[in-house]
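J.: Attaching a single structure in structure tokens format; questions to follow.
The values are calculated or read from the model by the stated rules, or taken from the named source; none is laboratory data. Please read these numbers as outputs of a predicted model, since none were measured by experiment. FYI the Cβ positions are ideal-geometry reconstructions off the backbone, even for glycines, and counts take in every protein chain you see. Heavy atoms of the whole protein, side chains included, go into the accessibility calculation; ligands, DNA and RNA do not. Shrake-Rupley method; radii C 1.70, N 1.55, O 1.52, S 1.80 Å.
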Amino acid sequence: MSLTKVGRYQILDELGRGAMGQVYRGFDPTIGRTVAIKTVSVDTTEPELAMRFRREAQAAGILSHPNIVTIYDAGEDNGVLYIAMELVEGETLQQLLGRGPLPVEQVTSIVEQVGAALDHAHARQIFHRDIKPANIMISQGHVKVMDFGIAKMTTSAMTSTGQMLGTPSYISPEMVTGMSVDGRCDIFSLGVVLYEMLTGTKPFVGENISAVLYKIIGKQPELPAAVNPALHPGLDYVVLKALAKYPAERYQSCAELIVDLKNHTALGEKGKALAATVPLAAVSSARSPTGTVLVDREELEIKPAAVPRTGRPALTRRSKSLALAAAALLVLGTGIFWQMRRAPTPTSSEPAEEIMQPAPSAPEPSAPAAATPRGTPPGRSRATSPRASTRGEVGRVVIHTEPQDARVLVNGEATPYRSPVNFVLAPGRYQITVERSGFASQTQEVLVRENQMVQLTLDLEPND
């Protein structure tokens, strides 16, 4: 039955349908205003949808920004939850991208406006977690961010660590692995959107969910300038920094990203340095993904299974989601194990340019220390070429700590790394120290061998 009225709002026509419900053009007779009305029927078999819907109203309702769709009202009427919001006449970025990549000037304008909206939300401890072209409206050059349906508020008890939400192609590695998230997960998603606007293609694609998720946590995408030769190499640097596997290696705010994007022509040398290296794979968290996988069915067009002829009842939509999630995580876990066994190269190309020298007292016999170039700080030597770390001449160290963001020291010398981190070292013995304010530091001796990986997982104890 078609909806003609909800709350005090008259329904004029349908604007679209999504994973959560329908969106209508409505009219508020009280003040004579045309609005957009988003609705979802209350379904007791899937309470998560209702919680997400209410969370969207709560999250967006406390945000007031010119680049965020304004929420006017929310309520429930005869089993239908609804949100009355600003009606934006225009098209989504997804529709715009259907015509191909965008000019850099237009891309910069869109990212600047989306970034301003996200920084505003992040300052209020609200993280969108589903930034994608379909949630970005554009009207005569003005951008509006929509759909805070899976936004995480740090004061909310409805969202717990261990749930992976969002559209597969755009979610961050930390969401894939079930780790805690902050605003930097939105920066990763915005980096995916940036890549797509510049090249016309997504950076992480696959035949199924598990293939996409595996690439997000374990593969670097092809350089944007290699996909679209018209791009300046400085854009390679900006995009891949936004897409860094570990949050600490990404831009820490959208404002930082926007500054580099506007000045990308000055980053050409860094972009060329990236182009000179083989795209580097990443090692994901050693912790197994936990919790429920909730993905956007519109993104992958998942078809329901046929009704069996054996007389047994067909799987419910919720059961199929759980079965799909279990299969995806099984394949993903196998991929992670395989990736770790083959000792891939490090996550970031910048740290890979520096290779720590082993302690002189205990080098590996098969790997004599290289001469230290003039001007290099004691204890370190720079690789002789950008490809040095890809020829089996180094080992790798992967460090995870609980809590995260612990400083890493090698042989007592500070490094730029913070956990979780993945970096290369020349073969030899090392004293690895991790320290974090308020916690007791820990030191372990590790033996790094050529073309092998050492993994440390450390639980830091609070200081007395």
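Results for (1) at pLDDT 85 or above; (2) touching a helix residue (DSSP H, G or I) at 6+ places or on another chain (Cβ under 9 Å); (3) closer than 22 Å to Lys245 by Cα, shown as yes or no for each residue.
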position	(1), (2), (3)
Ser389	no, yes, yes
Val394	no, yes, yes
Asp405	yes, yes, yes
Arg418	yes, yes, yes
Thr443	yes, no, no
Glu461	yes, no, no
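J.: Has the range 283-306 got at least one residue that is modelled with pLDDT of 50 or more and surrounded by 14 or more Cβ atoms within 10 Å (Cβ to Cβ)?
T.: Checked against the condition, which is being modelled with pLDDT of 50 or more and surrounded by 14 or more Cβ atoms within 10 Å (Cβ to Cβ), the range 283-306 yields no hits at all.
J.: Give the number of residues within the range 233-261 that are under 18 Å from Ile110 (Cα atoms), of a type in the set (A, V, I, L, M) and surrounded by fewer than 24 Cβ atoms within 10 Å (Cβ to Cβ).
T.: 4
J.: How many of the residues making up the range 98-117 are in contact with a strand residue (DSSP E or B) (Cβ under 7 Å, 6 or more places away or on another chain) and under 18 Å from Glu86 (Cβ atoms)?
T.: Selection size over the range 98-117: 3.
J.: Additional query: Go through the range 52-85 and report how many residues are open to solvent by less than 60 Å² (accessible area, probe 1.4 Å), more than 23 Å from Asp13 (Cα to Cα) and modelled with pLDDT under 85.
T.: 6
J.: Could you grab me the full set of residues in the range 88-103 that are surrounded by fewer than 17 Cβ atoms within 10 Å (Cβ to Cβ) and out of contact with any helix residue (DSSP H, G or I) (no Cβ under 7 Å at 6 or more places or on another chain)?
T.: Within the range 88-103, Glu89, Gly90, Glu91, Gln95, Gly98, Arg99, Gly100, Pro103 meet the criteria.
J.: What is the residue count in the range 181-221 for residues that are modelled with pLDDT under 95, surrounded by 19 or more Cβ atoms within 10 Å (Cβ to Cβ), among the aliphatic types (A, V, I, L, M) and not in a loop (DSSP other than H, G, I, E, B)?
T.: Looking only at that region, the number is 5.
J.: Scan the strands (runs of 3 or more DSSP E) fully inside the range 9-51 and keep the ones with 3 or more residues being at pLDDT below 90 and closer than 19 Å to Asp77 by Cβ.
T.: 33-41
J.: Give me the residue from the range 222-232 that is in contact (Cβ under 8 Å) with a residue 40 or more places away in the chain and not in a loop (DSSP other than H, G, I, E, B) and, out of that set, least open to solvent (accessible area, probe 1.4 Å).
T.: Step by step, filter the range 222-232, then rank; the result is Ala225.
J.: Filtering the range 104-145 down to residues that are assigned to a helix (DSSP H, G or I) and polar (S, T, N, Q), which residue is surrounded by the most Cβ atoms within 10 Å (Cβ to Cβ)?
T.: Only one residue tops the list, namely Asn135.
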